[in-house]
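Presented below is the structure to which this report refers.
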Amino acid sequence: MKKLLSIMAAGVLLAGCDKYIDINEKGKVIPTTIQDYYDIMCDYNVFSVGPTNCLLATDEIKIYKDEVNRIFWGVDQATNGYLWKDFIYVNEQDNDMDWNSLYKAIYKCNVVLDKIDKATGSNTQLRNKTKGEALAQRAYSYFMLVNLYAKHYDAATFDKDPGVPLYLEADINATKPRASVKEVYQQIENDLTTALPLLPPTPEFNYHPCQAGVNGLLSKIYLYQGKYEPAKQKAQAALDVYSFLYDFKDFDYIPGLPKYLGMNGFANRAIDNKEGLWHKQAVNTFVYMVGVYMSDEHRALYDAKDRRLYFTLIEEGMFGNNTHGMNIWPKERYYKVGVYTPELYLIRAECNARLSHPELAIDDVNTIRAKRFLPADYVAIDRNKTDLQALEIVLKERRLELFAEGWRLFDLKRLNQDPRFKKDITRDWGGESITLKPDSKNYIFPISKKVMSLNTLLEQNPRDNRQ
């Protein structure tokens, strides 16, 4: 029990149903070969999972107080996240599944990285691929953790701002304090750049990292650091390898069947999604099928003929109608939090707008929009824009294209650093008005009370005293 508590204190939970662990236990298989360690990296249930709570705290969604009890998963947690309360998990026994799942993936990656160089076998290509995947998956987990549980990257303070604990070895007895935001970002960048030459250009299955996917994640990292030239270069490197976009004129709902069953001809499985370079998805997705709506502000951003809106809001959900309007149900039937080609176009566009190439920024926006409308409804945006006009268009397009993909919370945090774009978010909660200011401490998620009690080296994030 003491050992298990140490694991939980570090935020790294062993998967009890796995056949591979790094200690000798009766009935378990101890990995020794290259193939054994690659099999660890093939655990879809671990390495396809991204965070969920980030979807609840943005200006994209709306929850009504009189309907919140219809939500299937974690009503209290959903409400606490939606209302930006000091703690999403209020009890000391509650597990933060985002924290746990990300550190669980890190633990598995560390097991592989500790042993892969000494694993038996002569397949050098597979050894390198296994090592590259472990480095890349670890980097993704730390990228999500540092953006959920720490201040946004700020070069003026990042060497002092608390990030998250950095575990780089599979030591189940270790407890560590929080590394700085600077140290976490440096580790992420180091892991990804080391992984790049070890991986294939594109994935066989899109939940495995590849060079294009890693370059895509690097472009996100540089974007969030305000390093626009390298962000543009990495987005370009990914798009040079793979740039596919779906054309929404080619799809529609299946005639005669409920819309929640999906679209005719569109990929029904995540591994078949042709826009996916590195698939991740949020768990507990039924939270959006019942009792959660697209916010009025967000819906007003769309042109009425934009098929992104058409393929996201449906009249009837799997469990009946919502009380206050249409159900959210994305065309994929899951919530993406990975690396997909549309965002790479938008990263390149944003960088071009910020680097005084507004016409190139508009070109990328038009490339996406041309495939999001029926031909008769599409109108190209004029390329003759100022830098600021182009940037505003790109940021709006980012909201339209990336709805409920998890990035909006991180975008709000970074854009709040710019006086031109910072904003208040206000909820109407049964007649009570609740506002999140741009400088709110509760933009940063708290570390759960359970983790804090088990690892006394951790420093809690300051809170707004929202009970």
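May I ask you to order 422-433, 105-116 by the average number of other C-beta atoms within 10 Å around their residues, highest value first?
105-116, 422-433
Output ³J(HN,Hα) for the range 191-200: one whole-Hz value per residue in order, computed from phi by the Karplus curve 6.51 cos²θ - 1.76 cosθ + 1.60 with θ = phi - 60°, and x for Gly and Pro.
For the range 191-200, the Karplus-derived couplings read 4, 5, 5, 5, 6, 3, x, 8, 10, x Hz, x marking Gly and Pro.
Collect residues whose amide H, placed 1.01 Å from N in the peptide plane, falls under 5 Å from the amide H of R427; neighbours closer than 5 in sequence don't count.
HN-HN under 5 Å from R427: I434, T435, L436.
Note down the Stokes-Einstein diffusion coefficient of the range 129-256 in µm²/s, whole number, using a Kirkwood radius over alpha carbon pairs, 37 °C, and 0.692 mPa s.
For these conditions, the coefficient is 204 µm²/s.
Given the pairs K129/K151; K85/K371; K176/K396; K331/K449; K234/K305; K129/K220, which are separated by over 31 angstrom at their Cα positions?
K129/K151; K85/K371; K176/K396; K331/K449; K234/K305
Tell me, what is the percent relative contact order of the range 201-405, built from C-alpha pairs under 8 Å that lie six or more residues apart?
That works out to 24 percent.
Whole Å is fine, so just give me how far the alpha carbon centre of the range 367-388 lies from that of the range 282-309.
So the separation of the two Cα centres works out to 22 Å.
Run the Debye formula on the Cα coordinates of the range 201-405, all scatterers equal and no solvent, and tell me log10 I(q)/I(0) at q = 0.11, 0.17 1/Å.
-0.53, -1.24
Counting DSSP beta bridges in the chain, what percent are antiparallel, to the nearest 5?
Approximately 80 percent, going by the DSSP bridge assignments.
Which of N273, H324, P209 sits closest to the plus end of the dipole of the range 201-405, meaning its Cα is farthest towards the positive end, when Lys and Arg get +1 and Asp and Glu get -1 on the C-beta?
Value: P209.
What residues qualify as long-range amide H neighbours of V49, i.e. H under 5 Å apart, gap of 5 or more or another chain, H built at 1.01 Å from N?
When sequence neighbours closer than 5 places are left aside, the close amide H contacts are Q281.
Using a Cα-Cα cut-off of under 20 Å, which aspartates and glutamates could be cross-linked to K160, ignoring same-chain neighbours fewer than 8 residues away?
List returned: E183, E189, D439, E459.
Mean residue ellipticity at 222 nm from the helices of the chain, using -39,500 (n - 2.57) per DSSP H segment of n ≥ 4 over the full residue count, to the nearest 500 deg cm²/dmol?
Values: 16 runs with 179 residues, N = 467.
Calculated at 222 nm, the ellipticity per residue is -11500 deg cm²/dmol.
Can you work out ³J(HN,Hα) from phi for every residue in the range 326-337, in order, using Karplus 6.51 cos²θ - 1.76 cosθ + 1.60 and θ = phi - 60°, giving whole Hz and x for Gly and Pro?
So the Karplus estimates, Gly and Pro as x, are 6, 7, 7, 7, x, 4, 6, 6, 8, 10, 7, 9 Hz.
How high is the relative contact order of the chain, in percent, with contacts defined as C-alpha pairs under 8 Å that are six or more residues apart?
Once normalised by length, the contact order is 21 percent.
What list of ³J(HN,Hα) couplings, whole Hz, do you get for the range 289-295 from phi and the Karplus terms 6.51, -1.76, 1.60, once you set θ to phi - 60° and write x for glycine and proline?
Per-residue couplings from phi come out as 7, 10, x, 10, 10, 6, 5 Hz.
Can you order the peptides 325-337, 152-164 by their average number of other Cβ atoms within 10 Å per residue, highest first?
Packing proxy ranking, top to bottom: 325-337, 152-164.
Starting from the Cα of K232, draw a straight line to each of the aspartates and glutamates and keep only those under 14 Å, dropping any in the same chain fewer than 8 residues away.
Candidates past the 8-residue exclusion: D240, E343, E350, D364.
Under a 5 Å amide H to amide H cut-off, with H placed in plane at 1.01 Å, what residues pair with D252 once short-range neighbours are removed?
Amide H neighbours of D252, under 5 Å, 5+ apart: N264.
Computed from the coordinates by the stated procedures, all read-outs in this text should not be read as laboratory data. Keep in mind the model is a prediction, meaning the values are calculated, not measured. Methodologically, a virtual Cβ is constructed for each residue, glycine included, from the backbone with ideal geometry; neighbour enumeration extends over all protein chains shown.
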